[in-house]
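Notes for the one structure printed next.
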Amino acid sequence: MTITTTVARVIKTDVLVCGAGCAGLAAALAAARQGAHTTLVERAPFAGGIMTCVGLPFLDGIADSVSGKLVTTGVARELAATMRICPPDAQTIFDFDPTCVYWPHKTAFVRNIEALKVILDRALLAAGVHVLYHSSVCEASVKSGRIQRVLVANKDGLVAIQARQVIDATGDADVAHFAGARTELTAPTQPMTLHFRIGNVARWTAAAEQAARRECRRALDRGELPVFYGPGFSHPFAPNEAYVHAVRVPGNGADAADLTRAEIQGRADAQVMFERWKEKVPAFRKAYLITSGPYIGVRETRRIVGRYVLTANDIQAQRRFDDAIATGAWYLDLHSNRATEGSASREPPLYPGPYDIPYRALLPRRVLNLLVAGRCLSGTQRAASSFRVTATAMAVGEAAGMAAALAAKRRCTAPDLPVAILQAALRYVSAGAMAR
Ligand SMILES: Cc1cc2nc3c(=O)[nH]c(=O)nc-3n(C[C@H](O)[C@H](O)[C@H](O)COP(=O)(O)OP(=O)(O)OC[C@H]3O[C@@H](n4cnc5c(N)ncnc54)[C@H](O)[C@@H]3O)c2cc1C
């Protein structure tokens with residue numbers, strides 16, 4: 001069947017970044033700051049991806065989770081400094097939340113999600129990025145190994161974007177998939193989670209946490225909940241507000257029907273949990289459900305099969321790569337699809353030291369003007385359970401943005417870009433531009 005598409009508008013740009021999440025926002029900033037004309041498209045009405053869509057406050061991977069020594073420079077650190085999480089020249093992260101389930105992992109917290117949205121808008125506009133929110137990528141056509149155009153659906157209709165270099169930072173490798181690049185999805189994927197926030201919670205105690213867990217277990221036994229995790233409570237936004245990580249929905253977040261089912265299930269489960277806690281746990285007696293989502297969080301879907309596939313062995317052995325472009329540091333954090341109480345998995349977490357992420361893992365094998373950044377880069381499922389975290393995604397995104405800009409300037413393909421030039425450019429990433 002042939003369908004002819006009428007395009008409402010054509011945009012020409014040096015670098016097109018698809019997805020303005022952790023990886024995409026860093027990619028767009030890096031490409032624009034290198035002087036490339038950069039267009040950023042995002043289906044949500046704001047940048048920040050999971051941090052602003054789901055309200056996830058953690059900048060995990062910014063530091064070695066055991067020593068607290070900062071391992072990511074550039075946008076992640078710049079963001080931490082702008083949000084006053086640490087000074088711009090900090091060497092270690094020191095903002096801990098002892099009430100958080102993640103404690104004692106050394107990480108950083110964004111304590112105001114609405115301020116983050118504004119900071120990101122300002123930074124993108126100041127860098128000169130052409131931003132299009134409310135815009136979903138829905139097609140990529142390829143000729144002679146290059147993406148000729150990316151189609152975006154938005155209020156204008158179908159918009160064709162022609163770019164010298166394209167960065168797929170959609171989390172789900174949507175662009176790579178539409179372009180016919182090889183991707184893989186390891187079934188079963190990790191579960192999706194709808195985070196939610198509860199206000200007017202009384203002083204938090206270990207007893208309240210135990211009681212909330214007991215109510216989840218009872219709801220599971222009575223068939224009111226299909227599965228649950230934790231539940232994990234943290235209080236990054238206010239002492240009387242609980243940020244809840246407890247819903248678990250197995251499924252495929254890259255499948256439209258399954259994603260819809262997961263949203264519906266996640267909302268229903270969050271409601272059951274809230275009602276049980278309000279009824280049975282004294283700390284929640286006067287509480288109210290502030291919000292969930294607005295999107296369910298998708299941990300894992302497609303990853304590209306790139307020129308190098310990063311493995312958990314590489315990570316655990318802290319294998320050095322000549323083409324290293326970013327540093328990962330988070331533990332192997334694979335979430336189970338079954339009910340687990342307390343922690344995310346029944347297995348004890350494995351902590352690697354800081355490890356290299358090679359440039360080749362960003363490059364699909366056959367599409368020459370496409371780079372992939374964030375959780376969908378090339379790696380095994382276990383490796384991705386570490387490199388998928390927010391600050392690591394920013395570090396990889398920044399490298400992808402820089403590489404795309406340099407390749408666009410030199411009129412070469414992404415694989416032909418000499419990696420030494422990219423590595424030299426990454427060493428000069430400026431800190432503090434967001435704060436100005
Ligand atoms: C429930 C949950 C809890 C997590 N907890 C933590 C945690 O505590 N700490 C941590 O560091 N990490 C955590 N993670 C992992 C981490 O948040 C993500 O892996 C990370 O955000 C990956 O960055 P990304 O840029 O690849 O994806 P995202 O940040 O998800 O960004 C992808 C962006 O692309 C956009 N997009 C998608 N498809 C399209 C399209 N077709 N067209 C246009 N735009 C599109 C999305 O709207 C989104 O803005 C969690 C993940 C989940 C789901």
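What follows is calculated from the coordinates using simple rules that are stated; it is not laboratory data. Keep in mind the model is a prediction, meaning the values are calculated, not measured. Please note: Cβ atoms are built from the backbone with ideal geometry, for glycine as well, and neighbour counts cover all protein chains shown.
The label-point distance for Gln423 and Thr5, in a model that sets each label 7 Å from Cα toward Cβ, rounds to 3.9 nm. Its residue count N fixes a reference of 2.2 N^0.38 Å for the stretch 12-54, and the Cα radius of gyration divided by that reference is 1.11. Taking each residue as 0.36 nm, the span from Asn337 to Arg320 lengthens on full extension beyond its C-alpha to C-alpha distance by 2.8 nm. Estimated at 0.36 nm per residue, the fully extended path between Tyr133 and Arg410 surpasses their Cα-Cα distance by 96.8 nm. Exposure proxy shown here: for Asp269, Asp14, the number of other Cβ atoms within 10 Å sets the order, fewest to most, as Asp14, Asp269. 3J(HN,Hα) along the stretch 291-307: 6, 10, x, x, 10, 5, x, 9, 7, 7, 9, 7, 10, 6, 9, x, 6 Hz, from the Karplus curve 6.51 cos²θ - 1.76 cosθ + 1.60 with θ = phi - 60°, whole Hz, x for Gly and Pro. If amide H atoms are built 1.01 Å from N in the plane of the peptide, which residues on other chains or at least 5 residues away come under 5 Å of the amide H of Ala20? Correct list: Arg43.
Neighbours of Ala202, meaning other residues whose beta-carbon lies under 11 angstrom from its beta-carbon, give a summed charge of +3 when Lys and Arg score +1 and Asp and Glu score -1. Its relative contact order, with pairs defined as Cα atoms under 8 Å and 6+ residues apart, puts the chain at 24 percent. DSSP beta bridges confined to the stretch 196-292 are antiparallel in about 100 percent of cases.
For the stretch 131-140, 3J(HN,Hα) computed residue by residue from phi via the Karplus equation (6.51, -1.76, 1.60; θ = phi - 60°) reads 9, 10, 7, 6, 9, 10, 5, 10, 6, 9 Hz, glycine and proline entered as x. Taking max minus min of the alpha-carbon positions on each principal axis, the stretch 173-229 gives extents of 52, 27, 17 Å, largest first.
Helix 206-221 and the longest principal axis of the C-alpha atoms of the chain enclose an angle of approximately 80°. Look at where the Cα atoms of the stretch 155-185 and of the stretch 19-74 average out, and the two centres are 18 Å apart.
Here r is the Cβ-Cβ distance between Tyr351 and Leu158 and R0 is 60 Å; the resulting FRET efficiency, rounded to 0.05, is 0.80.
Angle, helix 113-126 long axis vs. longest principal axis of the chain, Cα atoms, 0 to 90°, nearest 10? It is inclined by approximately 10 degrees. Only four residue types carry charge here, +1 at the Cβ of Lys and Arg and -1 at the Cβ of Asp and Glu. Report the dipole size of the stretch 136-206 about the Cα centre in Debye, rounded to the nearest 20. Here the size comes out at about 180 debye.
Pairs exceeding 31 Å between alpha-carbon atoms, taken from Lys69/Lys409; Lys69/Lys117; Lys155/Lys286; Lys143/Lys409: Lys69/Lys409; Lys155/Lys286. Database remark: amide H of Leu310 closer than 5 angstrom to the amide H of Gly379, Thr380 (H placed geometrically; neighbours at sequence offset of 5 or more, or on other chains; Pro and chain starts carry no H).
Once backbone amide H atoms are built at 1.01 Å from N, Gly232 has His245, Ala246 as its partners under 5 Å, excluding neighbours fewer than 5 places away on the same chain. For the chain, the average shadow cast by the Cα convex hull is 20.0 nm², which is a quarter of the hull's surface. Computed over the chain, the per-residue total of -39500 (n - 2.57) for DSSP H runs of n ≥ 4 gives a 222 nm mean residue ellipticity of -9000 deg cm²/dmol, rounded to 500. According to the Kirkwood relation over distinct C-alpha pairs, the hydrodynamic radius of the stretch 196-292 is 13.7 Å.
Debye-formula intensities of the stretch 167-206, expressed as log10 I(q)/I(0) at q = 0.14, 0.16 Å⁻¹, are -0.57, -0.63 (one equal scatterer per alpha-carbon, no solvent). In order along the stretch 154-168, phi translates into HN-Hα couplings of 8, 5, 6, x, 9, 10, 9, 10, 10, 10, 5, 10, 10, 10, 8 Hz, rounded to whole numbers, per the Karplus curve 6.51 cos²θ - 1.76 cosθ + 1.60 with θ = phi - 60° and x for Gly and Pro. Placing a pseudo-label 7 Å from each Cα along the Cα-to-Cβ vector at Ala126 and Gln91 gives an inter-label distance of 2.7 nm.
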